[in-house]
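This report refers to the structure that appears directly beneath it.
The values are calculated or read from the model by the stated rules, or taken from the named source; none is laboratory data. Just so you know, these numbers come straight off a predicted model, no measurement behind them. As a convention, Cβ positions derive from the backbone with ideal geometry for all residues, glycine included, and neighbour counts pool all protein chains shown. All accessible areas refer to the heavy atoms of the entire protein, side chains included, with ligands and DNA or RNA removed. Shrake-Rupley method; radii C 1.70, N 1.55, O 1.52, S 1.80 Å.
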Amino acid sequence: MVVTEGFEANTQGTLNDIAVREFHDALSRDEEVAFAVAAIMALTAVIKRSTAATLMGVSKELEDAAQALQRVNPTNISLKAGCELFLRYTTRTSALELKDIETAKARLIERGLHFAETSTRARQTIAELGSRFIRSNCVVLTHGYSRVVLRLLQTAFSSGLQFSVIVTEGRPDGTGITMAKKLDAENIPVTLVLDSCVAYIMDRVDMVLVGADAVVENGGIINKLGTYGIALAAQAASKPFYVAAESYKFARLYPLGQADLPEERKPLDVGPMLPPRANVINPSRDYTPPQCISLLVTDLGVLTPAAVSDELIQLYV
């Protein structure tokens, strides 16, 4: 048997193969599916295919499959958080008290499907809550491309509000251009600016709205590189800085600074003129501490950064 990344060769490996395949299938079927939600669907498929004779065996299969999924993209924080939250959610159930293993599995599958459905609805819940922060004729600054931010802006605009959006280009991968195209397709007035232009245009902005790769224990966020700089510029200009993030991105991490982040780099083309001995630093994300954040709009409600740790306790305990 040929073993590739994310796959293992044994009985558990078969379930791991199923999990990884279901994960990729979910992502390919719908570009709007988040990594964490795709992982939840994949782990539910593992329960359906499980031949374990005990719930302890099912739990072990889920844990192994979750690890296989995380190996597909080891630096994806929301993927890891989604797996951990799903494992906690499915095992914290009265199914553990059932003696009939098939009935217990059915209960776990039911909870898994419910969790996936709830997670899928999270984006629309956030959009409905967050659209209330958009005021008529205001200017919103956002950074790169975020599906939940896009949904929020679409919801606000479809309600009849007139506003405009400034989008950063989002180097090195240019995700802001994707965001600008999608906003323009919705007839939402949009302006694209250089990442380095943020402080220059901050006086024209009424509010900043960004997504998040992860929300950490102290209420700070990990997000696309440049988010922290935007937050500092907003703070200096006394402009509100809002974060839109699904609760499955709540992660049990407590970074104290940029050096504590899992390292991830994106390809960067600096052209042919760079001296051969020059070093290039190109992290893909940064950490924004809670004191820079005004509020977080989540599917659990609108939270202050200080309230995040309480919500994490409720999710994981």
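Some points to look at:
- Some residue of the stretch 257-271 being within 20 Å of the chain's Cα centre (by Cα) and crowded, with 20+ Cβ neighbours inside 10 Å: yes
- Matching residues, the stretch 185-207, being surrounded by fewer than 19 Cβ atoms within 10 Å (Cβ to Cβ) and closer than 17 Å to Thr155 by Cβ: Ala185, Glu186, Asn187, Pro189
- Residues that are farther than 30 Å from Met41 by Cβ, open to solvent by 60 Å² or more (accessible area, probe 1.4 Å) and not charged (D, E, K, R), drawn from the stretch 106-143: Ser136, Asn137
- Condition met for Ile101 (farther than 22 Å from Ile222 by Cα and in contact with a strand residue (DSSP E or B) (Cβ under 7 Å, 6 or more places away or on another chain)): no
- Cβ pairs under 6 Å, 6+ apart, first in the stretch 110-123 and at pLDDT 80 or above, second of a type in the set (A, V, I, L, M) and part of a helix (DSSP H, G or I): Arg123/Val148
- Taking the criterion of being in contact with an Asp or Glu (Cβ under 9 Å, 6 or more places away or on another chain), over 20 Å from Glu117 (Cα atoms) and assigned to a helix (DSSP H, G or I), the residues of the stretch 50-74 that qualify are Asp64, Ala68, Arg71, Val72.
- Residues within the stretch 208-228 that are open to solvent by 40 Å² or more (accessible area, probe 1.4 Å) and either over 12 Å from the mean Cα position of the chain (by Cα) or of a type in the set (A, V, I, L, M, F, W, C) (or both), tallied: 3
- Only helices (runs of 4 or more DSSP H) whose full extent lies in the stretch 156-239 are considered here, and the ones with at least 3 residues that are touching a helix residue (DSSP H, G or I) at 6+ places or on another chain (Cβ under 9 Å) and aliphatic (A, V, I, L, M) are 227-236.
- Scanning the stretch 97-146 for residues that are outside any helix (DSSP H, G or I) and of a type in the set (Gly, Ala, Ser) turns up Ser136, Gly144, Ser146.
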